[in-house]
1. With the condition kept exactly as written, say whether any residue in the stretch 178-187 is within 16 Å of the ligand (Cβ to nearest atom), under 28 Å from the mean Cα position of the chain (by Cα) and free of Cβ contacts under 8 Å to residues at least 40 places away in the same chain.
2. Taking the options Phe308, Phe300, Phe271, Phe221, name whichever one is more than 30 Å from Glu32 (Cβ to Cβ) and among the aromatic types (Phe, Trp, Tyr).
3. Would you mind stating whether Ala86 is closer than 30 Å to Asp34 by Cβ, among the small types (Gly, Ala, Ser) and more than 12 Å from the ligand (Cβ to nearest atom)?
4. I'm trying to understand the selection: among the residues of the stretch 152-169, which are touching a residue at least 40 places away in the same chain (Cβ under 8 Å) and within 9 Å of the ligand (Cβ to nearest atom)?
5. For the stretch 64-71, does any single residue satisfy the condition of being under 22 Å from the mean Cα position of the chain (by Cα) and outside any loop (DSSP other than H, G, I, E, B)?
6. Which of the strands (runs of 3 or more DSSP E) contained wholly in the stretch 221-300 include at least 1 residues that are farther than 23 Å from His201 by Cα, basic (Lys, Arg) and in contact (Cβ under 8 Å) with a residue 24 or more places away in the chain?
7. Quick check on my filter: what residues within the stretch 229-250 are touching a Leu at 6+ places or on another chain (Cβ under 8 Å), surrounded by 15 or more Cβ atoms within 10 Å (Cβ to Cβ) and not hydrophobic (A, V, I, L, M, F, W, C)?
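The values are calculated or read from the model by the stated rules, or taken from the named source; none is laboratory data. This one's a predicted model, so the numbers in the text were calculated from it and none came from an experiment. Every residue, glycine among them, receives a Cβ derived from its backbone with ideal geometry; neighbour counts consider all protein chains shown.
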Amino acid sequence: MLQQTQVDTVIPYYSKWLKKYPCLTDVAKANEEDLLKMWEGLGYYNRCRNFKKAGEIVLTDYAGEIPTDYDGFIQIPGVGEYIASAVLSMSHDKPHPALDGNIMRVMSRFLKKKTVSRYNKKVIHNHIFNWMEFGSPGDINQALMDIGSQICKPNQAHCYKCPLEKSCLAAQTKSPESYPATKFHKPIPNYDVVTGVIWEHDKFLILKRDEKNHLGGLWEFPGGKIQNGENHRKALAREIKEECGIDVNVQSKIGSIKHVYSHFSIHMTSFHCVFKKNTILKTTQPNRWIKPDQIKDLPFPKANHKLFAILNKQGWHV
Ligand code: SF4
């Protein structure tokens, strides 16, 4: 849960999760949709699906015991170099430096490294590995993480209260914060998308996103990106035809929302639509017709929840 996500955001999810799924067997045996519902809003949903796969593998291939050797553990879905090192150092005191963003910043400053190149990463790894001969590897990783999050912050290094100050090379300079040099971040693209709440009587259509795609396994309204020169209504009718094979009457506008993901942002406009009876629903995606009160039982992306908030205010029906 903590990958790419701040501790304060994770804590309520973590507590709720442990109450419902107190052990790995519970996760392995749970319905994936229920797990995604509990993860809803935390983002990076692959982590959740991998967690279930990991639980299943540990149960079937390892008789319920999580492997404690690096090579075995890193084979488990969702476990990469960082997770393997962090977990094995903290739970079994194995000497694996866990190079997260905080530790890389602290060590780049400590060794006065301007770039986070592959070579410098290796140098940093070896430096921490050598320290691990003289102390608990788990404590060393956690201490460096804490220094990074509490003392050696990206824009301000509080060297006067840092236990590394005496030997830190960047601390001897006027601007320790200039190590490592900040990367130039390209501006992220924005996409204009349209979605339709397609009604048939008191139910509307939702589609499940493909597991391999961004937000995989979550449900959403049909729709897609607006193409050059298209107006919203035309784009929506086209997208629905392409995605679901049906013709719709695009009716009143529900509203627009903005949502920012890590690599792009969307501006989503949504409309009520009515299903034209002379066409047949044809889609490769799993689909359901649901009533508004069933939303609470299924996982949806955050952007959809912003639309639900508008619909809850203005009333759901056309
Ligand atoms: S001494 Fe200063 S620059 Fe060096 S690790 Fe500590 S806080 Fe960061």
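1. yes
2. The match here is Phe271.
3. On the way: closer than 30 Å to Asp34 by Cβ: yes; among the small types (Gly, Ala, Ser): yes; more than 12 Å from the ligand (Cβ to nearest atom): yes.
Yes.
4. Initial filter on the stretch 152-169 (touching a residue at least 40 places away in the same chain (Cβ under 8 Å)): 152, 154, 157, 164, 167-169.
Those that are touching a residue at least 40 places away in the same chain (Cβ under 8 Å) and within 9 Å of the ligand (Cβ to nearest atom): Cys152, Ala157, Leu164, Ser167, Cys168, Leu169.
5. At the first step, the residues of the stretch 64-71 found to be under 22 Å from the mean Cα position of the chain (by Cα) are none.
The answer is no, given that none of the residues of the stretch 64-71 is under 22 Å from the mean Cα position of the chain (by Cα) and outside any loop (DSSP other than H, G, I, E, B).
6. Details: elements: 223-225, 248-260, 265-275, 287-290.
Hits in the stretch 221-300: 223-225.
7. Across the stretch 229-250, the qualifying residue is only Glu243.
To keep it simple, each residue is scored yes or no on (1) touching a Pro at 6+ places or on another chain (Cβ under 7 Å); (2) over 30 Å from Gln172 (Cβ atoms).
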position	(1), (2)
Cys48	no, yes
Arg109	yes, no
Lys122	no, no
Glu133	no, no
